């Protein structure tokens with residue numbers, strides 16, 4: 001029997017392609033965004049304890065109540081938003097799932113969604129599979145700032161949602177108060193939803209503030225704000241996150257959620273409810289990961305690559321257009337095969353494969369991993 005694909009233009013993700021290539025050629029993988037260092041031993045022990053104490057069955061569909069209460073307390077303390085733990089927080093199996101569910105909750109056939117490119121690779125397929133129409137706007141290269149005049153020009157009566165990602169993957173761009181002002185002006189004039197991907201909320205550098213939709217009442221009232229436990233606590237394989245939205249939006253979100261995963265990893269939620277009380281575990285995260293970013297930058301001075309600064313996330317981008325005309329995909333493949341170092345071509349984050357000759361590297365690795373990787377990169381001279 002033939003299947004009419006709902007995603008006819010979608011193949012295997014670039015992360016899967018490059019990671020498989022890295023394994024095949026025994027390359028150091030600075031492509032996919034996962035740490036190679038251990039997560040907190042305390043948190044591991046808390047999960048083991050939760051399992052041994054019998055917390056292995058379904059928890060509430062919306063997430064463990066105690067965990068939601070402690071997330072709500074965190075929102076009040078750090079974002080000055082008195083979130084209702086019962087009605088406005090839903091625990092999800094990962095941040096990407098939360099994004100997909102928010103889009104599924106809102107979109108009907110023909111609805112338009114403004115997406116900034118380069119964009120995390122799930123956004124466009126998530127929109128398309130729900131019958132929506134991605135309206136693609138390129139961030140301004142090389143600063144990767146949002147061109148708000150273009151955003152305003154592309155809003156139509158069919159515009160249903162705008163997607164914001166800060167800190168941004170893949171570039172590490174961080175929105176500022178000027179961006180918030182522009183967004184407020186837009187929603188004051190147009191009845192559109194906001195999907196805010198804030199999975200790197202604590203991975204932010206250079207003393208920049210994380211500006212969350214949770215902080216601004218006129219933005220939050222129309223927002224689905226998505227977070228990742230995996231990114232915050234270096235346990236990406238747990239696939240645990242959460243979505244915060246106003247009661248009415250969260251209620252519709254949960255209608256979709258209940259018939260998909262229904263419930264999430266129970267012992268991990270029990271452990272996190274306790275571990276969240278250790279505020280330093282996430283408050284110090286930005287400084288800890290910035291040390292890795294800065295060390296990677298220092299090492300990269302010995303290579304021909306040119307820095308494009310990152311202010312958040314696990315990633316930093318580097319350009320090479322000053323020394324080579326090779327496509328970023330071809331170079332990424334060649335570096336993996338011939339030099340034993342895997343990166344991600346940034347053109348893969350554009351629907352039309354815009355190639356600015358930029359590669360994305362993950363620096364959330366042990367120092368020895370970064371040293372070995374850059375030692376190999378030094379051998380490439382264009």
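The values are calculated or read from the model by the stated rules, or taken from the named source; none is laboratory data. The structure displayed is predicted, hence computed values, not measured ones. When we count neighbours, we look across all protein chains shown, and the Cβ atoms used for this are built from the backbone with ideal geometry, even at glycine.
A few points about this structure:
- Residue count for segment 20-34, restricted to those that are within 18 Å of residue 372 (Cβ to Cβ) and buried (at least 19 other Cβ atoms within 10 Å of the Cβ): 6
- Any hit, segment 374-382, residues being surrounded by fewer than 22 Cβ atoms within 10 Å (Cβ to Cβ) and closer than 27 Å to residue 174 by Cβ: no
- Verdict on residue 50 being in contact with a strand residue (DSSP E or B) (Cβ under 7 Å, 6 or more places away or on another chain) and surrounded by 19 or more Cβ atoms within 10 Å (Cβ to Cβ): no
- Residue match in segment 313-323 (condition: at pLDDT 95 or above, over 13 Å from residue 358 (Cα atoms) and in a loop (DSSP other than H, G, I, E, B)): yes
- Subset of segment 163-186 (residues that are farther than 30 Å from residue 32 by Cβ and in a loop (DSSP other than H, G, I, E, B)): none
- Residue 160 vs. criteria touching a helix residue (DSSP H, G or I) at 6+ places or on another chain (Cβ under 8 Å), assigned by TED's automatic domain parsing to the domain that holds residue 93, surrounded by fewer than 18 Cβ atoms within 10 Å (Cβ to Cβ) and not in a loop (DSSP other than H, G, I, E, B): no
- Looking across segment 341-382, the residues that are in a helix (DSSP H, G or I) and in contact with a helix residue (DSSP H, G or I) (Cβ under 9 Å, 6 or more places away or on another chain) come down to 346, 347, 348, 349, 367, 370, 371, 373, 374, 375, 376, 377.
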